[in-house]
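Here's the structure, in structure tokens; my notes come after.
The values are calculated or read from the model by the stated rules, or taken from the named source; none is laboratory data. Remember, predicted model here, so these are calculated numbers, not experimental data. FYI the Cβ positions are ideal-geometry reconstructions off the backbone, even for glycines, and counts take in every protein chain you see. Accessible surface is based on the protein model in full, side chains and every heavy atom, while ligands, DNA and RNA are left aside. Shrake-Rupley method; radii C 1.70, N 1.55, O 1.52, S 1.80 Å.
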Amino acid sequence: MKMNTDLKQLLALSMPTFAYTKLERFADHEYRASGVPEIEHSFASVDLSQVAGTTHPVYGGRSWIDLLGNPPGGEFAELQHIRRYLRYMVENPSYYTKDEKKPGWSFYLVDGRYYIGDGSHRTVIGRFLLSLNGLPTTVSGVLAGR
């Protein structure tokens, strides 16, 4: 299936309802210190619509659209390297739908909600790309621990 990677055009047509939802700050060091045993799954599937927050100290408290930028990758985008990751997405949009390991992309699972450990750019772009193309927002091959 060919995906439309022109997020600017897609956002102009329809702004997703999640766009203005703010990501919660998640203190992974406090979570680990709480004594809850952590189990990592090296080939997990994560529904990006269930991502509630991030461990990144700057990105927590920002909305999905603030991180992506409107237009995507514009001068007010909060993600530091968003333009580079948007280029990767355009070059290989099937990355988000392939059932393969995705090193460096991880999540914490706490009470049925996911928090980004690593891969903020891919999470934000993937959520917009998949939902704006009417596709399931589940990605496979990521690390998910609880």
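Spin-label pair Asp99-Phe18: with each label point 7 Å from Cα along the Cα-Cβ axis, the two points sit 2.2 nm from one another.
The label point for Val58 and the one for Ser45, both projected 7 Å from the Cα toward the Cβ, are 3.4 nm apart. When the surface is traced with a 1.4 Å probe over the full set of protein chains, His81 keeps roughly 80 Å² accessible.
Counted over segment 62-146, the DSSP beta bridges are approximately 60% antiparallel. Placing +1 on each Lys and Arg Cβ and -1 on each Asp and Glu Cβ, with no other charges, gives the chain a dipole about its Cα centre of roughly 300 debye. Between Arg87, Arg25, Arg122, the residue with the greatest mean-square fluctuation in the GNM of the chain (Cα pairs under 10 Å linked by springs) is Arg87. For the chain, the longest principal axis of the Cα atoms and the long axis of helix 120-132 meet at an angle of about 50 degrees. The angle separating the long axis of helix 82-91 from the principal Cα axis of greatest extent in the chain is about 70 degrees. Summarising the label geometry, the points placed 7 Å from Cα in the beta-carbon direction at Glu75 and Arg87 lie 2.0 nm from one another. Note on Ser45: accessible area approximately 60 square angstrom, rounded to 10, probe 1.4 Å, nucleic acids and ligands left out.
Using a 1.4 angstrom probe with every protein chain in place, what is the largest-first accessible-area order of Leu135, Leu13?
On the way: Leu135 40, Leu13 135 Å².
Most to least solvent-accessible, the answer reads Leu13, Leu135.
For Ala27, nonlocal amide neighbours, meaning residues 5 or more places apart or on other chains whose placed amide H falls under 5 Å from its own, do not occur. Calculated [222 nm] ellipticity per residue, helices only, for the chain: -7500 deg cm²/dmol; basis is -39500 (n - 2.57) per DSSP H run with n ≥ 4, divided by all residues, nearest 500.
For segment 38-146, which GluC sites (Glu not before Pro) are in a loop by DSSP, counting at most 14 other Cβ atoms within 10 Å? Walk me through the intermediate numbers first.
Numbers: sites: Glu38, Glu40, Glu75, Glu78, Glu91, Glu100; in loops: Glu38, Glu75, Glu78, Glu100.
Qualifying residues, ordered by number: Glu38, Glu75, Glu100.
Overall size of segment 63-107 from C-alpha positions, given as principal axis extents largest first: 32, 24, 14 Å. Ordered by solvent-accessible area of protein heavy atoms (1.4 Å probe), largest first, the residues Leu132, Leu143 come out as Leu143, Leu132. Largest accessible area first, the residues Tyr59, Tyr85 order themselves as Tyr85, Tyr59 under a 1.4 Å probe with ligands, DNA and RNA left out.
May I ask for log10 I(q)/I(0) of the chain at q = 0.16 Å⁻¹, from a Debye sum over the Cα atoms as equal point scatterers with solvent left out? Relative scattering, expressed as log10 I(q)/I(0), comes to -0.81.
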